[in-house]
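First the structure, in the form of structure tokens, and then the observations on it.
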Amino acid sequence: MVWSGTSLKNNVSDRLITIFSSTIIFFLVFYVFKSSLGYDFVWDDREIIVNNAHIRSFSYDSLIWAFTTRFGGNYLPLTWLTFIVDYQVWGLESYGYRLVNIIVHGINSILLMFVISSFLRLIYSAPANHVLITFSSVIGALIYALHPLRIESVVWVTERKDVLSAFFMLISFLAYMSYRFQTDVGITKNSLKRYYAISLCCFFMSLLCKAWAITFPAVLILLDMATVHPSKLSMKLILESIKQKTPYIIIAALFALIAISGQNTAGAMISWEKLTLVDRLLQSSYGFNMYLLHTLFPSELSPLYLLGKTNFYDVKFFVHFFVFLSVFILSLSVRKRTQWPLYFMLIYFVIISPVLGFTQSGAQIMADRYTYIALMPFSIVISCITLRVIELIRGLGRYGMPVACSIFTAYVFMMTVLIGSTSKQILIWKDEESLWTHAIEIDRFNYQALNNRADYRARKKLYAKSFEDYTLALGVDSNNAYSLNGRAATRIHTGDLKGAIDDLNAALNILPTYVDALLNRGVAYHNIGDVKLARNDFIKIIELLPSHIKANYYLGIGYFSSNEFRRAIILFTNVNESDPTHMDSIYYRGLSYLYIEDYVQAKKDFKYVMKNAHKNTILYKNVEQQLELLNGMDI
């Protein structure tokens, strides 16, 4: 992309400098993040990747699913497509998924270098040395790329949507810069239209990865305003800028509606009764400040900053609100001298505003991943400061060299500390044990982190430790139905059925339609021999969710045990229709057919299991015996 005064010069040396700088950025990004390649899938990765049958094949059905689903309340078809392709290449090897994330983040860091470089040329009207511009841009891009706040978006496979969305948004922005600030005399209107079309297309693609860029049109309008001298800025110019962004605004509005609808459907949006307007304003100012604070001092970073029952009327939130207002007042006060501080703060606010809490969704009060795009403008600030310092040093003459060496040493030290901090923080994402242990160390009252670690330990069959975590979570929030259900599940595994039923009764008193608790209580009743109560719970689940696989299966087993084979067949058929790979249901349906003397259907079911079950399993051997008996009957 070429625009006079804001683009790279077309001589060989400048191109070599650019290629060398890009290589350095990509190499350092890969070097720092490569340690995560062997890590496990964690957290939502199980639902998004490991247990998601929709990404198993590259087919018409999977493509339709990717472009129609709002899985988890999010619409991200292009991100789903990359996961579908990943599965065809890597299967369930987490290595490959993370490798893609790291590569895209490395490319984004290079694109950010170009964005910063273009900004520096735009801000400094006088021609600047290409080497100095590039060096300053590299510093800003590297501090951004290697910062610990980037870890969540890069190392967590689920957050592929962050890096992909940013990739297309950065290209869109560069294309817009080519369109908006092109001063080359020989440029044609068709070329300008092409840049505009590329920008608009990439903006659309960014939203198809994640609806993060919905505020992008506002950023472009602010950029237009920032590049006009304050004395010449008028309402007419602002309206012209808005009119020019109409296609962007329409697309953004459409995706904003899709995003809000998806979050509402998923039940992730928190009502205005639970979080009032004052709560949301205080939460937003807190997040606005904390992201900046964590950028300057990246300590005590957590994978989950729990919203929980936060008291927003605590003094610290009012202090943050005061600081928030003061920042903008200060930016306004210096606007006559320089308008860029105000516009940088406005752009940062506009980008991050959708995730500050005005439309709160999810359990977090803030999240490191939300900074992936929002803090890019401050990389420009860092590069501006760097270039200013270099210009000052050049004006010192022979005294400039020792100062330059000192400044360079300071930058190297800062980068070394940053890389060390990021490398250390990456270690917590090794598996869920280390991830949630770290979150609990940051906040011992984080009952969600305690629940998540308990879930992980239960999957690893560490039931005693899992029980302990659920109990600690209940110590923080005694009315947490999820913790009660989880603790009950560990009790079932350890044989404490009475204690499990007590916990499940308590959970269902809090949330009567809690399906998982009904299922566990049904299992517990079945295990103590109370078939009637077990059956009642399974029936309640099917009334709520007719196609619930486990409820249909367990109720079918209950009917089978009571010799009600025809009822059992109906339920096992329901399971088979929902999940044709559920071999146990087909086996028991075959047995049910056998006991009502429908030998033909029984034989079909047993053959199906023989064809699809693993040969070394007990199920396979049982089916083999049944078929031998049927064959012996000459059926």
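The figures follow:
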item	result
Proximal aspartates and glutamates to LYS316, defined as alpha-carbon separation beneath 15 angstrom and excluding residues fewer than eight positions away on the same chain	ASP279
Within-13-Å neighbourhood charge of LEU508 [Cβ basis; K, R +1; D, E -1]	-2
Which of PHE565, LEU142, SER547, positive extreme of dipole for the chain (C-beta unit charges)	LEU142
Computed magnitude of the charge dipole of the chain (debye, nearest 20; Cβ of K, R +1, Cβ of D, E -1)	2060
Which listed pairs, of LYS309/LYS550; LYS193/LYS236; LYS465/LYS621; LYS461/LYS550; LYS189/LYS236, have C-alpha distances above 32 Å, in listed order	LYS309/LYS550; LYS465/LYS621
Cα lying deepest toward the dipole's positive end in the range 1-160, options VAL89, ILE123, THR79, charges on Cβ	ILE123
Filtered chymotrypsin sites (Phe, Trp or Tyr not before Pro), the range 23-84: DSSP coil and at most 13 other beta carbons within 10 Å	PHE58
Label assignment, semi-axes √(5λ) of the Cα gyration tensor in Å derived from the structure, set (1) 52, 33, 28; (2) 39, 29, 23; (3) 55, 28, 24	(3)
Computed magnitude of the charge dipole of the range 483-529 (debye, nearest 20; Cβ of K, R +1, Cβ of D, E -1)	40
Of THR227, ILE428, THR494, farthest towards positive along the dipole that unit charges on Lys, Arg, Asp, Glu beta carbons give the chain	THR227
Spatially proximal aspartates and glutamates relative to LYS243 (Cα-Cα < 19 Å; intrachain offsets below 8 disregarded)	ASP224
For the chain: accessible area per residue (Å², 1.4 Å)	48
Summed side-chain charge close to SER199 - residues other than SER199 whose Cβ falls under 15 Å, Lys, Arg +1, Asp, Glu -1	+3
Qualifying aspartates and glutamates (Cα of each under 16 Å from Cα of LYS607; at least 8 residues distant if same chain)	ASP584, ASP598, GLU624, GLU628, ASP634
With all protein chains modelled, accessible area of LEU122 [1.4 Å, Å²]	40
Restricting the range 53-153 to trypsin sites (Lys or Arg not before Pro) in coil, as DSSP defines it, with at most 13 other Cβ within 10 Å	ARG56
Charge tally in the Cβ shell below 12 Å around ILE426, where Lys, Arg are +1 and Asp, Glu are -1, ILE426 excluded	+4
Inter-centroid distance (Cα atoms) of the range 556-635 relative to the range 403-469, Å	48
Residue-averaged 222 nm ellipticity for the chain, from DSSP H runs of 4+ at -39500 (n - 2.57), nearest 500	-23000 deg cm²/dmol
With all protein chains modelled, accessible area of THR573 [1.4 Å, Å²]	30
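The values are calculated or read from the model by the stated rules, or taken from the named source; none is laboratory data. Just so it is clear, the structure is predicted and the values come from calculations on it, not from any experiment. Quick reminder, even Gly has a Cβ in these numbers, built from the backbone with ideal geometry, and neighbours come from all protein chains shown. With ligands, DNA and RNA removed, areas are computed over all heavy atoms of the protein, side chains included. Shrake-Rupley method; radii C 1.70, N 1.55, O 1.52, S 1.80 Å.
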